[in-house]
Structure formats: structure tokens, C-alpha cells
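Chemist: Here it is, the structure, as C-alpha cells.
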Amino acid sequence: MKKFIILIILLFPINVFARSVTVMDMDTNRVLYEENQYDVRLIASISKIMTTLVTLNNSNIKDMVTVTDSVLKSFGSGIYISVGEEISLENLLYGLMLRSGNDAAIQIAEYVAGSMDGFAELMNETAKSIGMNSTTFINSSGLENNSGLGNKSTSYDMALLMSEAMKNETFKTIVGTKSKTVKTNLKTYVWHNKNKLLSSYEYCTGGKTGFTEKARRTLVTTATKDNMNLTIVTLNDPNDFSNHKNLYEKYFKLYKSYKVLDKRNLNLDNKNYYIKDDVYLTLTEKEYKNIEIEPIIYNTNISDIVGIYNIKLNNKTLKTIYIYEKIDKKTNKEESFFNKIINFFKNLF
């Protein structure tokens with residue numbers, strides 16, 4: 001009976017009522033499923049994923065921040081910090097991501113970039129570097145302004161962003177935190193994560209919720225199971241938590257993590273060539289049988305990187321892995337010493 005139920009799940013698609021959906025393999029950025037993933041929409045507070053990444057990349061999160069009266073402009077969800085309160089930038093990020101604090105978003109932007117416009121510029125520069133070609137940020141919170149304008153993106157771009165952000169261990173820790181107690185010079189806070197999947201779905205590793213009247217419900221989550229790392233983005237989805245869980249269950253059943261490169265058995269002519277880790281890819285059984293792996297060796301002495309493995313599926317590159325050469329440190333030291341002697345005598349004449 002159990003096998004029959006699983007078969008039904010795999011054969012018939014899940015009804016997803018989001019306006020835009022992307023299911024992405026975080027290790028390769030390959031899209032496993034999508035609906036309208038390139039439609040540009042308001043994204044609300046999932047914008048704060050970028051706010052956090054920009055902050056981590058451009059500041060020392062251990063810095064202590066004195067809250068200014070700029071937070072008095074905040075409305076909507078907040079952590080209710082007070083003017084004059086002293087709180088670390090790191091704890092502001094926890095308040096931002098767990099409770100979606102718009103006051104935290106304003107204070108972070110002011111501290112990191114000096115102004116909201118300056119911070120938005122950093123957000124857009126980062127988006128461009130990631131390849132988010134259909135995304136525009138105007139603020140750190142995701143709220144629409146008085147003219148009704150807000151941060152806009154696509155489910156595909158936001159999946160790219162989450163895949164990139166989850167490479168940062170501090171970001172990963174913050175978004176995977178279920179609750180956080182914070183003490184400042186004025187108050188003690190206890191924050192519980194608004195991402196319900198962290199408590200209701202055992203494989204969930206993080207995410208960010210969002211809502212405004214114009215954007216409706218937006219949600220980004222991540223999950224890991226059996227060495228597979230997926231992220232799901234839904235825009236304008238009234239049943240987002242349930243849909244995310246169902247999509248994870250479906251695609252964790254359809255796919256498997258296959259070892260496609262073994263670092264101990266590379267079958268290369270030069271035994272001094274190596275890769276740093278075994279390589280696993282999320283694939284169906286049929287895809288695994290059709291994987292093509294092409295080693296390309298360069299003729300270069302610029303670094304210890306001597307080539308790449310180009311891993312392809314249906315003539316498309318899924319992943320590129322660097323090939324390194326083992327360097328004899330003793331020989332290198334001798335050559336270095338020899339070069340120093342030569343250079344010494346050259347300088348004499």
C-alpha cells in the first residue's frame with residue numbers, strides 16, 4: 001500500500017497555486033521544477049536574505065550599534081528596538097531574519113552603508129554579481145514605499161540568491177536558528193523564527209518569510225536530505241508552507257545523490273593530479289547514466305590548478321571541478337633557494 005501511495009505522488013503533479021515557483025538544486029543551481037519562474041514580482045521581506053548577505057560581506061557583525069532615531073520610521077513587523085539601545089550587528093541580523101524586523105533593516109542599512117540609498121546600491125551590485133538579472137532593490141526591508149514601489153525579483157533569481165547565501169556559514173547558522181535570546185543594555189528579547197518549516201519539517205535547514213498586501217505571501221526555504229540540498233521559492237502563494245513541504249517530499253523521492261567523481265580514483269595519467277573532495281550530484285537514475293565527465297588539462301605554471309573536470313548532462317555543464325597538482329614542498333624550497341642565488345649574482349653586475 002505504501003509503495004502504491006508513493007507511485008501516485010510521483011505520477012501526478014502537486015497542485016501548486018503560487019504565481020511563481022522554483023525548485024533548485026543548491027549545489028549546481030539546476031532548476032528541477034518551475035512555474036513562471038522568470039515573472040518579475042514584488043518580493044516583500046524575502047528581500048532580507050540579500051540584506052543579510054550584504055551585511056555579512058561588508059561589515060564586522062561583532063560591532064556594537066547604537067540605535068538611532070531612524071528606526072522611528074519603521075512600520076509593519078519589528079523587533080521594537082529603542083533609540084539609544086546598544087545591540088550587536090549580529091543580533092540585529094537575528095532579529096531581521098527570525099522576526100523580519102523592519103526596524104532592524106533600517107538600522108542595519110544606516111550602519112553598514114550610511115544611508116538606505118547606499119545600502120540598496122550594495123544590494124543591487126551583489127545581485128548583479130550573482131546573476132540576478134531581473135532583480136531591483138530599493139530598500140533593505142522589502143516594504144513598498146509611499147508610491148507603491150518595492151523590491152522586485154523572480155522566483156529564479158531568489159533561488160540563486162539563497163543558493164549563494166547558504167554558502168556563508170554565518171548566514172546558514174542564522175536562518176537555521178529556531179529561537180534566539182538576546183540581551184542588550186536596555187532589554188531582553190526572545191525571538192522565535194517565523195519560518196514554520198524549521199519546526200514542522202525535519203529536513204528544513206533555513207528560509208525567510210515575506211508578506212505585504214501587494215506582494216502577498218512570499219517564501220524561500222531550504223532543505224537537506226541524503227546529501228541533497230534543495231531550495232524552494234514561491235511568490236504569491238496562499239498555501240506556501242504546505243506547498244514547500246510537499247514539493248520537497250516529491251523531489252527528494254524523484255532524485256538521488258550520486259557520486260560522480262571519486263577523489264581516490266580519477267583515472268588520470270599523472271598520479272600527482274588530484275581533486276579536493278568526492279563530487280556528488282543530485283540526479284535521477286536516468287540522468288546519472290547519461291552524465292559525461294571530461295577532464296581538461298591546461299599547460300600552465302601559474303598555480304597548482306592544472307585543469308578542470310567538466311561535468312555535463314545533455315551537453316550542458318552542471319558543475320566544474322578544479323584539478324590540482326601535488327607540489328613537492330622540498331623541491332620548491334630548493335628551487336626557490338637556487339633562484340635567490342641566481343638573482344643575487346645578477347644584482348651584482
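The values are calculated or read from the model by the stated rules, or taken from the named source; none is laboratory data. All values derive from a computational prediction rather than experimental measurement. Heads up, the Cβs are rebuilt from the backbone with ideal geometry, glycines too, and the neighbour counts pull from every protein chain shown.
Chemist: Filter segment 1-57 down to residues that are in a strand (DSSP E or B) and either at pLDDT below 90 or of a type outside the set (S, T, N, Q) (or both), then give me how many there are.
Modeler: Selection size over segment 1-57: 12.
Chemist: Looking at (1) over 28 Å from ALA18 (Cβ atoms); (2) under 31 Å from the mean Cα position of the chain (by Cα); (3) at pLDDT below 95; (4) surrounded by fewer than 18 Cβ atoms within 10 Å (Cβ to Cβ), find the lone condition where VAL306 falls short.
Modeler: Going through the list (1) over 28 Å from ALA18 (Cβ atoms); (2) under 31 Å from the mean Cα position of the chain (by Cα); (3) at pLDDT below 95; (4) surrounded by fewer than 18 Cβ atoms within 10 Å (Cβ to Cβ), VAL306 breaks only (4).
Residues are listed down the side, and each one gets a yes or a no for (1) assigned by TED's automatic domain parsing to the domain that holds LEU313; (2) touching a Ser or Thr at 6+ places or on another chain (Cβ under 6 Å); (3) touching a residue at least 60 places away in the same chain (Cβ under 8 Å):
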| residue | (1), (2), (3) |
| --- | --- |
| LYS167 | no, no, no |
| VAL182 | no, no, yes |
| ASP240 | no, yes, yes |
| TYR248 | no, no, no |
| ASN272 | yes, no, no |
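Chemist: Taking the stated definitions as given, is LEU186 closer than 29 Å to GLU86 by Cβ and assigned by TED's automatic domain parsing to the domain that holds SER100? Outline the logic, then answer.
Modeler: On the way: closer than 29 Å to GLU86 by Cβ: yes; assigned by TED's automatic domain parsing to the domain that holds SER100: yes.
It is true that LEU186 is closer than 29 Å to GLU86 by Cβ and assigned by TED's automatic domain parsing to the domain that holds SER100.
Chemist: Return a yes/no flag: does segment 97-112 have any residue that is polar (S, T, N, Q), within 25 Å of LYS183 (Cβ to Cβ) and either outside the structural domain of GLY150 (by TED's automatic domain parsing) or without any contact (Cβ under 8 Å) to a residue 60 or more places away in the chain (or both).
Modeler: Within segment 97-112, one or more residues are polar (S, T, N, Q), within 25 Å of LYS183 (Cβ to Cβ) and either outside the structural domain of GLY150 (by TED's automatic domain parsing) or without any contact (Cβ under 8 Å) to a residue 60 or more places away in the chain (or both).
Chemist: Just the residues that are in a helix (DSSP H, G or I) and over 20 Å from GLY101 (Cβ atoms), please, taken from segment 160-171. Before you say what the answer is, go through the steps one by one.
Modeler: Going residue by residue through segment 160-171, those that are in a helix (DSSP H, G or I) are 160-165, 169-171.
Of everything in segment 160-171, those that are in a helix (DSSP H, G or I) and over 20 Å from GLY101 (Cβ atoms) turn out to be LEU160, SER163, GLU164, GLU169.
Chemist: Looking at ASN124, is it surrounded by fewer than 20 Cβ atoms within 10 Å (Cβ to Cβ), of a type outside the set (Val, Ile, Thr) and not in a loop (DSSP other than H, G, I, E, B)? Outline the logic, then answer.
Modeler: Working: surrounded by fewer than 20 Cβ atoms within 10 Å (Cβ to Cβ): yes; of a type outside the set (Val, Ile, Thr): yes; not in a loop (DSSP other than H, G, I, E, B): yes.
So ASN124 passes the test.
Chemist: Let me ask you something else. Quickly run through segment 264-310 and pick out the residues that are more than 21 Å from VAL31 (Cβ to Cβ) and of a type in the set (Val, Ile, Thr).
Modeler: Result: ILE275, ILE293, ILE296, ILE297, THR300, ILE302, ILE305, VAL306, ILE308.
Chemist: Taking segment 167-191 as the search range and keeping residues that are hydrophobic (A, V, I, L, M, F, W, C) and over 21 Å from the mean Cα position of the chain (by Cα), which one is nearest to ASN229 (Cα to Cα)?
Modeler: Our first condition is that a residue be hydrophobic (A, V, I, L, M, F, W, C); within segment 167-191, this holds for 171, 174-175, 182, 186, 190-191.
Now restrict to residues that are over 21 Å from the mean Cα position of the chain (by Cα): 182, 186, 190-191.
Values: VAL182: 30, LEU186: 40, VAL190: 29, TRP191: 26 Å.
Applying the filter and picking the extreme gives TRP191.
Chemist: Report yes if SER140 is under 21 Å from ASP39 (Cβ atoms), modelled with pLDDT of 95 or more, in the same structural domain as GLY118 (by TED's automatic domain parsing) and surrounded by 17 or more Cβ atoms within 10 Å (Cβ to Cβ), otherwise no.
Modeler: Values: under 21 Å from ASP39 (Cβ atoms): no; modelled with pLDDT of 95 or more: yes; in the same structural domain as GLY118 (by TED's automatic domain parsing): yes; surrounded by 17 or more Cβ atoms within 10 Å (Cβ to Cβ): yes.
Judged against the criteria, SER140 is not a match.
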